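A quick write-up on the structure given underneath.
The values are calculated or read from the model by the stated rules, or taken from the named source; none is laboratory data. Because the structure is predicted, anything quoted here is derived from the model rather than measured. All Cβ positions, glycine included, derive from the backbone under ideal geometry; neighbour counts span all protein chains shown.
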Amino acid sequence: MKILNKNRNAFTLVEMTISVAVALVAFLLIFQFLSSTRHHFLYGTVNLQNLKEGRLAINYLRRDFSCACPRLEDPDDVSYSDFQRTRKQIFATVSGVGGNAGDLIQVLPNGLLFYKFAFLPTSEKPTVEQVRYEFDSSAKTLIRSGEGGKTQKFTGIEDVEFKVYVHQLEEAVPLLWVRLKIHEGENLYGSEKIGSALELTTSISSPFLNSSTNNPYWRFETGHKKL
């Protein structure tokens, strides 16, 4: 008995189903890849702008706090004990702290208030100027206020935290710890589950605070003059 081979010129139903399924899977993978690439491109643009604002805020904080000092009155005008107490205490963690001997550096969880040296060559006394950092959570903005009503706003910041600490390897050096949580625009695409905020942290020291705490004979003899 002879078996005749017949040529098949069409797909079976099973083959067509498998082909369509493979094509759909490939199409979905390509679409997902392109969508993810587009999303990360747009998302990265937002991150870059806010990261720039955060780095600028860190630069301002470093420049200001590296010259920070407690403001001290002329030691001839106040009692020696009050003068020394203000010089040694330096920091306060509640707002509105001050006294006859001068003003302490106020470090709050979401704000700073301190004086820094202005380095004016024509002044008889060391000239200091007040600097304030306040965080507006509703506007996601950190605001720096200086003398003369000048302000600088750093936008795109979701949260701010300030602390004072000393490192266990160098307990005589007070440090300001700063944490900025960068806002990444999670509502920009209509979803609050996109990504997470980026955090920038840094520690800042002031050589003037170090000298004040570690050199008991440095008395700021001429006192400070407000700008």
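Any idea which residue in segment 113-122 is farthest from Leu72 (Cα to Cα), counting only those that are part of a strand (DSSP E or B) and touching a residue at least 60 places away in the same chain (Cβ under 8 Å)?
Here is the first cut: in segment 113-122, the ones part of a strand (DSSP E or B) are 113-117.
Subsequent filtering for residues that are touching a residue at least 60 places away in the same chain (Cβ under 8 Å) retains 115, 117.
Details: Tyr115: 10, Phe117: 12 Å.
Checked segment 113-122; the qualifying residue farthest from Leu72 (Cα to Cα) is Phe117.
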With the checklist (1) at pLDDT 75 or above; (2) surrounded by 19 or more Cβ atoms within 10 Å (Cβ to Cβ) in hand, flag the one item Leu56 doesn't pass.
(2)
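Among the candidates Asp76, Asp136, which residue alone is of a type in the set (D, E, K, R), at pLDDT below 90 and over 17 Å from Pro207 (Cα atoms)? Give the derivation first.
Values: Asp136 fails: at pLDDT below 90.
None of the other options fit; the residue is Asp76.
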Restricting segment 135-186 to residues that are small (Gly, Ala, Ser) and closer than 21 Å to Phe114 by Cβ, the one nearest to the chain's Cα centre (by Cα) turns out to be Ser145
Tell me, which strands (runs of 3 or more DSSP E) lie completely within segment 156-227 with 3 or more residues that are of a type in the set (D, E, K, R) and either more than 18 Å from Gln49 (Cβ to Cβ) or at pLDDT 80 or above (or both)?
157-167, 170-182
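Here are some residues: Lys125, Lys181. Which one is basic (Lys, Arg), touching a strand residue (DSSP E or B) at 6+ places or on another chain (Cβ under 6 Å) and surrounded by fewer than 16 Cβ atoms within 10 Å (Cβ to Cβ)? I'd like the intermediate steps shown before the answer.
Working: Lys181 fails: surrounded by fewer than 16 Cβ atoms within 10 Å (Cβ to Cβ).
Just one listed residue meets the conditions, Lys125.
Given the condition aliphatic (A, V, I, L, M) and not in a strand (DSSP E or B), answer yes or no: does some residue in segment 135-155 qualify?
Filtering segment 135-155 for residues aliphatic (A, V, I, L, M) gives 139, 142-143.
Pick out the ones that are also not in a strand (DSSP E or B) and you get 139.
The answer is yes; a qualifying residue exists.
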Odd one out for Arg38, checked against (1) surrounded by fewer than 19 Cβ atoms within 10 Å (Cβ to Cβ); (2) among the basic types (Lys, Arg); (3) modelled with pLDDT of 70 or more:
(3)
Looking at segment 97-120, which of the residues that are among the hydrophobic types (A, V, I, L, M, F, W, C) and more than 12 Å from Arg71 (Cβ to Cβ) is modelled with the lowest pLDDT?
Leu120
So, in segment 123-133, of the ones that are of a type in the set (D, E, K, R) and in a loop (DSSP other than H, G, I, E, B), which residue ends up modelled with the lowest pLDDT?
Glu124
